[in-house]
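Take a look at the structure set out below.
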Amino acid sequence: MESCLSFSSPPPTKKNIQEPVRPNAKFHKSVWGNHFLKYASNPEQIDYDADEQHEQLKEELRKKLVVNVTNERVEEQLKLIDAIQRLGVAYHFQREIDAVLNNLLLFRSNKDNDDIYMVSLRFRLLRQQGHDVSCSVFEKFKNIDGRFKDSLRDDVRGLLSLYEATHMRVHKEDILEEALEFTIYELEQVVKLSSNDTLLASEVIHALNMPIRKGLTRIEARHFISVYQHDKSHDETLLKFSKIDFNMLQKLHQRELADLTIWWEKLNVAEKMPYARDRFVECYFWGLGVYFEPQYSRARKMFVKVINLTSLIDDTYDSYGTFDELDLFTDAVKRWNVNETDKLPEYMRPLFMELLNVYNAMEEELKEEGVSYRVEYAKQSMIQIVTAYNDEAIWYHNGYVPTFDEYLKVALISCGYMLLSTISFVGMGVTTVTKPAFDWVTNNPLILIASCTINRLADDKVGHELEQERGHVASGVECYMKHNNATKQEVVIEFNKRISNAWKDINQECLHPLPVPLHLVVRPLYLACFMNVFYKDEDWYTHSNTQMKECINSLLVESVPY
């Protein structure tokens, strides 16, 4: 296996390092405690009626999807597919959706001539499915002077559909850049001139804040259920099915959280690692962003354990450990041997031991299926991120502010998405992911670098001031300002530009031909979406008692009323 450490720059030298005073991050306590244990205390009560109705409705929807595409049915089918995807139930109908969209590539509806809503919807759905369709289809909606036609302003749903389509753009698609600017302006005018309590105005406001491409499926599904049921043209079968499915999945997620809470309680983080963020439920929520479907239950639980331990390790490096202690921990992880435990300070031992235990448990479980090799990839990714944490600790203790390029070589690793992308594959089914896929993800494909870029720059934008107050290695903001003689405002502009380009890279890498199946390629995409949601205005993970609490409550506590 090729080493995934090749992306890292040589570590800085350790010079003139003095023992620092331990920082005091003062993170707030866990919002949830052991709240989800109650879902394990009572045996699952199977709702046979709901289960039977769920299957009946699913079969009805499947039949609606497999009809032949005709001029009369194409609009209906595209709208149905869009609603199915936005309601978060597409995982039940992936083969049927693929078949419809593959046929659509060969079929051209009469509505493609002048209906901006349908042209935009068709374009977006095909791009989302990995088809490299041309953006030239939008040229017909421009005047001879090269600007979008004034008549489009009167079609709000068409504008909204075009706006959503622009978020599928890749590099050098100027017409989609122009369409984005045009639709944002026109949709903002719609909001100004409309009553905010109208359904359409609410949809526009939501879309401007969170376009479909950049949202998290479960959050957007919960939101769209309430929107869809007020749409007079909604499909009643689909609405009922999506509500039942949402609640069935919620029960599964609650049971997973209950099982994982038992594991987490044994770690006793509040007492043994009081300096760290106790964000167990929030980490599970992160995992839901990567995959929420029932077939990924094992993968999700493995992912959640590793991301929780990584968060604790991150806080140990950033918020508590002395330089010498961190050096010992780094060496212990590199050696990956239980005999290293006695060399560590007392407070580090439970964390190191649990890291080994979790990986050993994964290896034992996967050995039964003949795929224990996956854990070696996961191990190398963990060594890689811990090495990056230590590189940053050296910078901090030396008072060193690296150049921005030097910073990124380490920070794109320490952001965690290289590790998490690898971990997201580990628990998947035997036929779902193969060894070449691990070689692909651990060799830093462009989509992963783009996802890491979004993570790092978004985090630095919203969190750097608080980090500097409590004592932290220079963030990308400080590095860029110092070495480019830039103001903070100029840095934000530059970061936003890089984030925008990273999204274009992601979109490009999700188009056929693909190096690995699309269901694997999209994991870095979903990780990027998490950052777009939870680091948009502030660090919701660190400050999880505000908006993140509300999101978790809506997805994992409150069921959808039928």
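The values are calculated or read from the model by the stated rules, or taken from the named source; none is laboratory data. As the structure is a prediction and not an experimental result, all values here were calculated from the model. We place every Cβ from the backbone using ideal geometry, glycine too, and count neighbours over all the protein chains shown.
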State the number of residues belonging to region 227-239 that are within 13 Å of G88 (Cα to Cα) and not aromatic (F, W, Y). 2
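Could you list all residues from region 199-218 that are closer than 17 Å to Y91 by Cα and touching a helix residue (DSSP H, G or I) at 6+ places or on another chain (Cβ under 6 Å)? Can you show your working first?
The initial filter retains those residues of region 199-218 that are closer than 17 Å to Y91 by Cα, namely 212-213, 215-218.
Scanning region 199-218 gives I212, L216, R218.
Could you grab me the full set of residues in region 300-351 that are hydrophobic (A, V, I, L, M, F, W, C) and surrounded by fewer than 16 Cβ atoms within 10 Å (Cβ to Cβ)?
From region 300-351, those hydrophobic (A, V, I, L, M, F, W, C) are 302-304, 306-307, 309, 312-313, 323, 326, 328-329, 332-333, 336, 338, 344, 348, 351; that's our starting set.
Scanning region 300-351 gives W336, V338.
Every residue, every condition in (1) surrounded by fewer than 18 Cβ atoms within 10 Å (Cβ to Cβ); (2) not β-branched (V, I, T), yes or no:
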| position | (1), (2) |
| --- | --- |
| V522 | no, no |
| C529 | no, yes |
| Y535 | no, yes |
| S544 | no, yes |
| Q547 | yes, yes |
| C551 | no, yes |
| L555 | no, yes |
| P561 | yes, yes |
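With L466, L457 as the choices, which residue is closer than 28 Å to D537 by Cα, assigned to a helix (DSSP H, G or I) and modelled with pLDDT of 95 or more? Talk me through it step by step, then tell me what you get.
On the way: L466 fails: modelled with pLDDT of 95 or more.
Exactly one residue qualifies, and that residue is L457.
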Wholly within region 101-203, helices (runs of 4 or more DSSP H) carrying at least 1 residues that are surrounded by fewer than 18 Cβ atoms within 10 Å (Cβ to Cβ) and out of contact with any Pro (no Cβ under 8 Å at 6 or more places or on another chain): 156-166, 174-193
Out of S297, S319, S311, I need the residue that is farther than 30 Å from G215 by Cβ, of a type in the set (S, T, Y) and assigned by TED's automatic domain parsing to the domain that holds A258. Which one? S319
Out of H519, H512, which single residue is part of a helix (DSSP H, G or I) and not hydroxyl-bearing (S, T, Y)? H519
Matching residues, region 46-100, being surrounded by fewer than 16 Cβ atoms within 10 Å (Cβ to Cβ) and part of a loop (DSSP other than H, G, I, E, B): I46, D47, V66, V67, N68, T70
Test L514 against the stated conditions and say whether it is under 14 Å from the mean Cα position of the chain (by Cα), under 30 Å from T432 (Cα atoms) and outside the structural domain of D98 (by TED's automatic domain parsing). no
